[in-house]
1. Accessible area, 1.4 Å probe, largest first: how do Leu180, Leu133 sort?
2. Longer than 21 Å from Cα to Cα, which of Lys96/Lys353; Lys89/Lys243; Lys96/Lys196; Lys245/Lys353 are they? Say none if no pair is.
3. Give the shape of region 63-154 as rounded, prolate or oblate, defined through the alpha-carbon gyration tensor: a ≥ b ≥ c are the square roots of its eigenvalues, a/c under 1.5 means rounded, and otherwise the shape is prolate if a/b is larger than b/c and oblate if not.
4. Given Cα pairs under 8 Å that are at least 6 residues apart, what percent is the relative contact order of region 41-89?
5. Please sort 74-83, 327-336, 240-249, 294-303 by packing, taking for each peptide the average over its residues of neighbouring beta carbons within 10 angstrom, highest first.
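The values are calculated or read from the model by the stated rules, or taken from the named source; none is laboratory data. This is a predicted model, so every value here is computed, not measured. Methodologically, a virtual Cβ is constructed for each residue, glycine included, from the backbone with ideal geometry; neighbour enumeration extends over all protein chains shown. SASA here: full protein model, heavy atoms, side chains in, ligands and nucleic acids out. Shrake-Rupley method; radii C 1.70, N 1.55, O 1.52, S 1.80 Å.
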Amino acid sequence: MTRVPRYSLTPDYEISRVIRGGWQLAGGHGAIDRKAAVDDLLATAEAGIITFDCADIYTGVEEIIGDFRKVYGDRRGAEALDAIHVHTKCVPDLDKLSSLTRVQLQETIDRSRARLGVERLDLVQFHWWDYELGGLAAASDAVAALSFQQERARLRFPQFAPIFDSDHVAHNEGRRVCPLATIQLQYSLLDRRPEKAHGPSLAAAHDFHFLCYGTVAGGFPLRSLVGRGGNLWVSWRNRSLTKYKLIIEDFGGLGAVSSPLFADAAQHWPTGMKTDISTIASAAVLTRPHVAGVIVGARNRSHLDANLGIGAVTLSSEDLSRIESILDQSTPLEGDVYTLERDRFGRHGSIMKYNLNKE
C-alpha cells in the first residue's frame, strides 16, 4: 500500500499531506447515504489519509464525521483515533456579523464539538464574510481565547486558522493574539494568487503553512477536454463546479494547457497505476514552498486510489520546469487571495450562500 506522506505542524500534531475534503458530503453534490459515507471515510483512514476537512455550514458533514470517528475508535482503539485529525470552520452568517457576540461564537464552537463527538476541536478556521461589518478583531480574539482555557479548552490546537487575505493575516500576526500555524486558501496550478503575498513574505516571515483546496479544479473530466479545444462543455451541476469553472475561465481556458499537462501526466506511473492530470496538479502544489497539505474533496471512495497517488508522484525538476513553461503562457488571476470571492456582486461572490446557518 502507498504510504501517504505526513507533515508535522508542531512536534505533536501530524497531518496527512493529502486531506479528505467534506464539502461534497453536504448534499449539494447529490443525495448522501450516511452509512455509505461513513464506510467511505473508514476506507480513507485505513488507507492512510488521517486528516479530514469540514465546516459548521456543510450541512450534515460534521455529524457524518462524528459517526465515522465513533466507529473508527471502536474498531481501532483510542490511540489510533487520536491520530485522526478533523479541521472544521466557524462561519458566522453574514446577516449576524454586526451583532455577533462572544457567547454566540462559543455556542457555535460547542455545536461543532457535539456534532463531531469531541471534547476539543483539533483546528478551527475562522471565516468573516465582510471586513467592514462587525468587530472582526474582537471576534477573532474570542475564538482564539477558546484555545487557552487549560483543562476546559475547546480547541486542541493552540492556534486558529483564519480564512483571510494578506492584509488581514498580516494584521493578525502583528497583534500576536493567536499566531498562525496554518491558513486555508485556494492554491493550484490555475490559481497562484498565494504566490503574490502570502508565500514570499507572510508565510516565510511568520512561519505558517498552507492547507490548499481547489488543486484539482473540481475534478473536471480533463481527458474529455483534450482534443476538444478546451471547450467547457461539461454540465455545471452545483456551486462547487461553477466555482472552478469561473477560475478556469479567468485563467484563460484549458485549451492551451490541458493537452501538454495531460501528456506530462501520462509519463508517471506511481504504484503501477497510470496517473491523471488532477493527480499531477495536486502533486505539483505539494512541491510549493509553505504547503503542508492539499484538500481533495470526494463524495465517495471511487477517487481514493487517485488521491493516494498524489503522495506517490515524484516530480523531477525537469517536470516542474515544463509545467512552469506551460503556465507562463496563461493569464494570472487578479488580486490577492480571496479578493475575487469577496465581491458579493461579482462573478465569483454571487454564487455563494452567505447565511447557511439558517438552513
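1. Leu133, Leu180
2. Beyond 21 Å between Cα atoms: Lys96/Lys196.
3. The shape class here is prolate.
4. 53 percent
5. Going from most to least packed, we get 294-303, 240-249, 327-336, 74-83.
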